[in-house]
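Chemist: First the structure, which I've put down as structure tokens, then a few questions once you've had a look.
The values are calculated or read from the model by the stated rules, or taken from the named source; none is laboratory data. Computed from a predicted structure; not experimentally measured. Positions of Cβ are generated from backbone atoms using ideal geometry, with glycine treated the same way; all protein chains shown enter the neighbour counts. Calculation scope for accessible area: heavy atoms of the full protein, side chains included, ligands and nucleic acids excluded. Shrake-Rupley method; radii C 1.70, N 1.55, O 1.52, S 1.80 Å.
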Amino acid sequence: MTSASAIHLHARATAGFESRVESARRLLARAANAHPDAIVQASSLGAEDQVLTDLIARDRLPIAIATLDTGMLHRETLALVDAIRARYGLFVERYRPLHEAVVAFVGRHGDDAMKQSVELRKACCALRKVEPLDRMLAGRTAWITGLRREQSSERAAVDFEATDDAGRTKLSPLADWSWADVWHYLDLNDVPYNALHDQFFPSIGCAPCTRATALGEDFRAGRWWWEQGTKECGLHVAGPASAIGAAR
Ligand code: SF4
């Protein structure tokens, strides 16, 4: 596949960048202080989350870092777990789906269930993402996401701080950051990032459900591209307690 440096393509210094960085740092520090031993970064291991992990490490904040290991991630995505350990000495918690549930689902619907219908796609996301996210958040009172308003129309009103349906504090410190900001930060701080970003994958989820995008396509156009409408997996929508959650 053709590749090009995502930093070269996207990084750009724009007015207000330093103040956005400082605001994000303050928000993270305040949240860590307010939720001792009960706050987690729900990392997708995407570019935004790598910024957040770097900010957490930079200020040595007592915030756990965790990811949803759906069993369908690209090896490039999983490689970041080791890269984070090597760079920062931080352990990334991995939450996997229940083995029996996956075996039963795949046995009944096949490996390509997610492409057979929207309902089956959502069922796959429910067992591989939403249920493990519930476990990740259990016993925690706050969580951090890499959501940005610019990512999609569904995310245009993302708040820096909100309360989810389970009563937890949900923080999105990069809500007002642009894609150029994200890459400018990664460049300035030499932060490790997913190699797939250099292959024109702006938003990275599970391998069967993510493709590269073409110039001019929406940020999330490479996610569930065979479906029309909302490009969300149920993790960031209001609803029952189990239908709220981490980025991907
Ligand atoms: S993104 Fe695709 S493979 Fe991953 S949990 Fe959702 S439907 Fe399943």
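Chemist: Please find, in a Gaussian network model of the chain (springs between Cα atoms separated by less than 10 Å), the residue of 221, 101, 126 whose mean-square fluctuation is greatest.
Modeler: Comparing 221, 101, 126 in a Gaussian network model of the chain, the most mobile one is 101.
Chemist: Just by accessible area at a 1.4 angstrom probe, what is the order of 226, 177 from largest to smallest?
Modeler: 226, 177
Chemist: Over the C-alpha atoms of region 149-196, what are the Rg and the largest Cα-to-Cα span, Dmax, in Å?
Modeler: Answer for region 149-196, Rg first and Dmax second: 13.4, 37 Å.
Chemist: Could you grab the Rg to Rh ratio for region 47-166? Cα atoms only, Kirkwood for Rh.
Modeler: Computed over Cα atoms, the ratio is 0.99.
Chemist: If the convex hull of the alpha-carbon atoms of region 1-95 is projected onto planes in all directions, what is the mean projected area in square nanometres?
Modeler: For region 1-95, the mean projected area of the Cα convex hull comes to 7.4 nm².
Chemist: Enter the Cα centre distance for the pair region 175-206 and region 122-152, rounded to the nearest angstrom.
Modeler: About 20 Å separates the Cα centre of region 175-206 from the one of region 122-152.
Chemist: Turning to a different aspect of this structure: Residue 5 accessible area, nearest 10 Å², 1.4 Å probe?
Modeler: For residue 5, solvent-accessible area is about 50 Å².
Chemist: Taking the convex hull of the Cα atoms, report for region 105-176 its projected area averaged over all directions, in nm².
Modeler: Approximately 6.0 nm², given one-decimal rounding.
Chemist: Under 13 Å from a point placed 7 Å out from the Cα of residue 160 along the Cα-to-Cβ direction: which residues of region 14-43 have their backbone N that close?
Modeler: 19-31
Chemist: Round to the nearest 0.05 the FRET efficiency obtained for residue 134 and residue 106 when R0 = 35 Å and r is the Cβ-Cβ distance.
Modeler: 0.95
Chemist: Right, something else. Residue 72: accessible area at probe 1.4 Å, nearest 10 Å²?
Modeler: Spelled out: residue 72, probe radius 1.4 Å, area about 50 Å².
Chemist: Now a separate question. What aspartates and glutamates sit close enough to residue 115 to cross-link, taking a C-alpha to C-alpha distance under 16 Å and skipping anything fewer than 8 places away on the same chain?
Modeler: 227, 232
Chemist: While we're looking at this one, here's another question. Could you bin all the Cα-Cα distances of the chain into 10 Å bins starting at 0 and give me the percent of pairs in each, rounded to whole numbers?
Modeler: 7, 33, 39, 18, 3, 0
Chemist: Right, next: Once neighbouring chains are kept in place and the probe is 1.4 Å, which whole percent of the accessible area of the chain is contributed by carbon and sulfur?
Modeler: Percent of accessible area from carbon and sulfur atoms in the chain: 52.
Chemist: Given labels modelled 7 Å from the Cα in the Cβ direction, how far is it in nm from residue 4 to residue 18?
Modeler: 3.1 nm
Chemist: Here's a follow-up. Which whole-number value in Å² is the accessible area per residue of the chain, probe 1.4 Å?
Modeler: On a per-residue basis, 45 Å².
Chemist: Continuing with the same structure: Top mean-square fluctuation among 112, 134, 49, Gaussian network model of the chain, C-alpha springs under 10 Å?
Modeler: Evaluated over the chain, the most mobile residue of the options is 112.
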